[in-house]
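Shown next, in structure tokens, is the structure this report addresses.
Laboratory data are not the source of any read-out in this text; all were calculated from the coordinates shown. Please read all numbers here as calculations on a predicted model, not as lab measurements. Reconstructed Cβ throughout: ideal geometry from the backbone, glycine too, with neighbour counts over all protein chains shown.
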Amino acid sequence: MNRNKLILLTAVLLLLAGGGWFLHDSGFFQAVRSLEALRAYIAGFAPYSHLLFFLVQFLSVVFAPIPSNIVAAAGGVLFGTLPGFLITFTAVASASLVTFSLARVLGREFAGRIVSKKLSEKYQGVLRTKAPVFLTLAFLFPFFPDDILCILAGLTSLSFRSFALIVLLARPWGLLFASALGGSTLGLSPWVMVPIALVGLALFLLGMKYGNQVEETVLRRLKERRSGDTE
């Protein structure tokens, strides 16, 4: 690694470490365990709640264990569906592009410090040959570690323009649903909210139960198509 890349990598890691320390020290990782606690955490930073919300969502793309959809729902509660969604999507999309670009510039030195070897080996082969299709599916369905995939995609030959287009077309929908679910708690009657909550719970439970099977099926089908293309 040349000197400029080393300096950039060090600066990025220091910024990430600082962001992680801020979230930990401010109590975010305790607040994220429930929607109400997260709402109170963000509201506690008024009048800078919008800025903090953007920062938290931006960092959630790098700190993959932070669930972006839960934070999006809290934003819907605090700011309303549309403002919450716009802040969320702006933060998530920009962070996705940043992590992709960092991986493209810094290479495996950066990716290896954030993505485990097991996950990298699991997805790298499919991303090299079927990146546009696989990334679109991963961003649309909640079964994949989509934030980590942004980093791994930067190690492939996928162009920045193509990646940006996939992010803009595929990433908004889950965030919009979560923002709408949070925002609707302010304006909808219980007769409307109860069915929405039940549908959301059903989707969550199905994802928990069958998510691994769906993920493995998608990976297997894409690998089969890759094998067929090379014959």
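For a protection proxy built on the mean count of beta-carbon atoms within 10 angstrom, sort 123-130, 160-167 highest first, please. Write out the running numbers ahead of the final one.
Details: 123-130: 18.5, 160-167: 16.1.
Ranked by mean Cβ neighbours within 10 Å, highest first: 123-130, 160-167.
Grab the other residues whose beta carbon is less than 12 angstrom from that of L9, score K and R as +1, D and E as -1, and report the net. Mind showing how you got there, number by number?
Working: positive: R3, K5, R108, R113; negative: E109.
Summing Lys/Arg as +1 and Asp/Glu as -1 gives +3.
Beta carbons within 10 angstrom, averaged per residue: use that to sort the peptides 103-113, 44-54, 171-181, highest first.
Values: 103-113: 16.9, 44-54: 14.6, 171-181: 21.1.
The peptides rank, most packed first, as 171-181, 103-113, 44-54.
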